[in-house]
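The values are calculated or read from the model by the stated rules, or taken from the named source; none is laboratory data. The structure displayed is predicted, hence computed values, not measured ones. Neighbour counts run over all protein chains shown; Cβ positions are idealised from the backbone, glycine included. Each accessible area value is taken on the protein alone, full model and side chains, heavy atoms only, with ligands, DNA and RNA left out. Shrake-Rupley method; radii C 1.70, N 1.55, O 1.52, S 1.80 Å.
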Amino acid sequence: MLTIGTIVMGAEDVRRAADFWAGALGYVPRDGEMDDGWTVLVPADGGGPGLALGRSVTPLQERPRVHLDLYAADAADQAAEVARLVALGARRVAWDSYPEDPDFVVLADTEGNRFCVIDATHG
């Protein structure tokens, strides 16, 4: 059986993206190394998939086909996490496809990569 080992995202500035995602997820550079062209972050506690960031000059997709969903424990946790991520450098995305009562908030990281923060207890 296969498992997800690493999720790979492109970044113009790999170090800036790695700093953001390390702070956002509590991840650390694998083997303690960070590079301008390629960095793999792993959970500090050792459990879960890694996040690899590779140097890319490919234009961002306005509606990416693949993105990260980050789960928050409840609505209050979701609001706190969104505020924390924005303080780390994320920005809110004006998303025109929110449903009437969304369980998610769309953000972009320091490189413009879109991701969602989900209220895992929402209806």
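Assorted remarks:
- Percent accessible area from carbon and sulfur atoms, the range 1-69, protein chains only, probe 1.4 Å: 51
- Rg/Rg_ref, the range 36-93, where Rg_ref = 2.2 N^0.38 Å and atoms are Cα: 1.37
- Ellipticity estimate at 222 nm from DSSP helix runs (n ≥ 4, -39,500 (n - 2.57)) divided over the chain, nearest 500: -6500 deg cm²/dmol
- Rounded to the nearest 0.05, the FRET efficiency derived from the C-beta distance between VAL93 and TYR71 at R0 = 22 Å is 0.75.
- The Cα-based radius of gyration of the range 72-122, divided by its Kirkwood radius, gives an Rg/Rh of 0.96.
- Farthest towards the positive end of the charge dipole of the chain, among the residues GLY10, ALA108, ALA87, is the Cα of GLY10, using unit charges on the Cβ of Lys, Arg, Asp and Glu.
- GluC sites (Glu not before Pro) lying in DSSP loop within the range 23-123, provided at most 12 other Cβ fall within 10 Å: GLU33, GLU62, GLU100
- Surface analysis of the range 25-123 yields an accessible area of 60 Å² per residue, using protein heavy atoms and a 1.4 Å probe.
- Assuming charge only on the beta carbon of Lys and Arg (+1) and of Asp and Glu (-1), the dipole of the chain about its Cα centre is about 300 debye to the nearest 20.
- Against the compact-protein benchmark of 2.2 N^0.38 Å, the Cα-based radius of gyration of the chain scales to 1.06.
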